[in-house]
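One structure follows; several queries about it will come next.
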Amino acid sequence: MTLIDAPTDITIFLVDDHPMVRAGLVGMIQGERGMKLVGEAGDGRDAVRLIPDCKPDVVLVDLIMPHLDGIGVIEALHPILPDTRFVVLSSMLDPDAVRRAVQAGARGYLLKTASAQELINMILQVKAGRRVLGPEVTDAMIANEQRDVPGADLTQRERQILALMVRGMSNQEIADQMSIAVPTVKFHVTNVLSKLQVDSRTEAVVLAIKHKLVPGD
């Protein structure tokens, strides 16, 4: 007869400096089949002291806490607990903080406004080895990256005109090529310069070539 091991619960440690938040999370975890709370801490320093002995599968950690913040906790523990998955639970949606948390070793980042089911799903996914960001977090990261890329907000028509500018065409030549009026070309060129935050056509062309904003020949 072959014995089959029964599935073990996902062990979870909570780190949050707000007692009411911890109480709510404790209730959620204790009411969820297949999950087990193994400890909690009210600040980052206590978390670093207590978590290594527990060796939890998942640590839910707040970002802003006294003594040591959530990123500091992850930086301290991730190297010595490589199998533990860290999930940041925060009320702060800052793309830079998300980036630093992920670089420190966080496998998930979720806003505290998320539903219990969203948190449960994230715990299951990070335990399975995935890296997961909450939907609002993902949207904020995408928007932030787009702001950092020159020309990300150019329309298709503006990109067409920029491509012709790169080819050295004048406003009249662009108008003839696209079968539109010269004032319309001037309007789009002005928008292109504004969105690229440059003062001249030459600067726009240099930026377009540098960042490959238009297809090459």
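The values are calculated or read from the model by the stated rules, or taken from the named source; none is laboratory data. It should be emphasised that the depicted structure is a prediction, and the values quoted were computed from it without experimental measurement. Because the Cβ atoms are built from the backbone with ideal geometry, glycine has one as well, and the counts that use them run over all protein chains shown. Each accessible area value is taken on the protein alone, full model and side chains, heavy atoms only, with ligands, DNA and RNA left out. Shrake-Rupley method; radii C 1.70, N 1.55, O 1.52, S 1.80 Å.
So, of the residues in region 181-199 that are open to solvent by 40 Å² or more (accessible area, probe 1.4 Å) and part of a loop (DSSP other than H, G, I, E, B), which turns out to be farthest from Leu154 (Cα to Cα)?
Ala181
Can you name the condition, by its number, that Arg33 falls short on among (1) in contact (Cβ under 8 Å) with a residue 24 or more places away in the chain; (2) in a loop (DSSP other than H, G, I, E, B); (3) open to solvent by 20 Å² or more (accessible area, probe 1.4 Å)?
(1)
If I filter region 56-70 down to residues being over 15 Å from Ser91 (Cβ atoms) and free of Cβ contacts under 8 Å to residues at least 40 places away in the same chain, which single residue comes out as surrounded by the fewest Cβ atoms within 10 Å (Cβ to Cβ)? Break it down stepwise before answering.
Residues of region 56-70 that are over 15 Å from Ser91 (Cβ atoms), as a first pass: 56-59, 66-68.
Subsequent filtering for residues that are free of Cβ contacts under 8 Å to residues at least 40 places away in the same chain retains 67-68.
Working: His67: 14, Leu68: 17.
Looking at the filtered set, the residue picked out is His67.
So for region 79-89 (the condition being under 21 Å from the mean Cα position of the chain (by Cα) and open to solvent by 40 Å² or more (accessible area, probe 1.4 Å)), does at least one residue qualify? I'd like the intermediate steps shown before the answer.
Here is the first cut: in region 79-89, the residues under 21 Å from the mean Cα position of the chain (by Cα) are 84-89.
With open to solvent by 40 Å² or more (accessible area, probe 1.4 Å) added as a condition, the list becomes 85.
Looking for residues that are under 21 Å from the mean Cα position of the chain (by Cα) and open to solvent by 40 Å² or more (accessible area, probe 1.4 Å), one finds at least one in region 79-89, hence yes.
Across region 200-210, which residue is farthest from Asp153 (Cα to Cα) among those that are in contact (Cβ under 8 Å) with a residue 40 or more places away in the chain and open to solvent by less than 80 Å² (accessible area, probe 1.4 Å)? It would help to see each step written out before you state the result.
Taking region 200-210 as the starting set, the residues that turn out to be in contact (Cβ under 8 Å) with a residue 40 or more places away in the chain are 204-205, 207-209.
When the remaining residues are screened for being open to solvent by less than 80 Å² (accessible area, probe 1.4 Å), the result is 204-205, 207-208.
On the way: Ala204: 14, Val205: 16, Leu207: 14, Ala208: 13 Å.
The extreme case among them is Val205.
In addition: So, of the residues in region 7-30 that are touching a strand residue (DSSP E or B) at 6+ places or on another chain (Cβ under 9 Å) and in a helix (DSSP H, G or I), which turns out to be most open to solvent (accessible area, probe 1.4 Å)?
Out of the qualifying residues, it is Gln30.
Something else now. Quick one: which residue in Ala143, Ala116, Ala101, Ala128 is modelled with pLDDT under 95, closer than 25 Å to Arg22 by Cα and out of contact with any helix residue (DSSP H, G or I) (no Cβ under 7 Å at 6 or more places or on another chain)? First the steps, then the outcome.
Details: Ala143 fails: closer than 25 Å to Arg22 by Cα; Ala116 fails: out of contact with any helix residue (DSSP H, G or I) (no Cβ under 7 Å at 6 or more places or on another chain); Ala101 fails: out of contact with any helix residue (DSSP H, G or I) (no Cβ under 7 Å at 6 or more places or on another chain).
Answer to the check: Ala128.
Just checking, how many residues over region 44-84 are touching a helix residue (DSSP H, G or I) at 6+ places or on another chain (Cβ under 9 Å) and acidic (Asp, Glu)?
4
So the check is Cβ under 9 Å with 6+ separation or different chains; which pairs have a first residue in region 83-99 that's in a strand (DSSP E or B) and a second one that's of a type in the set (Asp, Glu)?
Arg85/Asp57; Val88/Asp62; Leu89/Asp16; Leu89/Asp62; Ser90/Asp62
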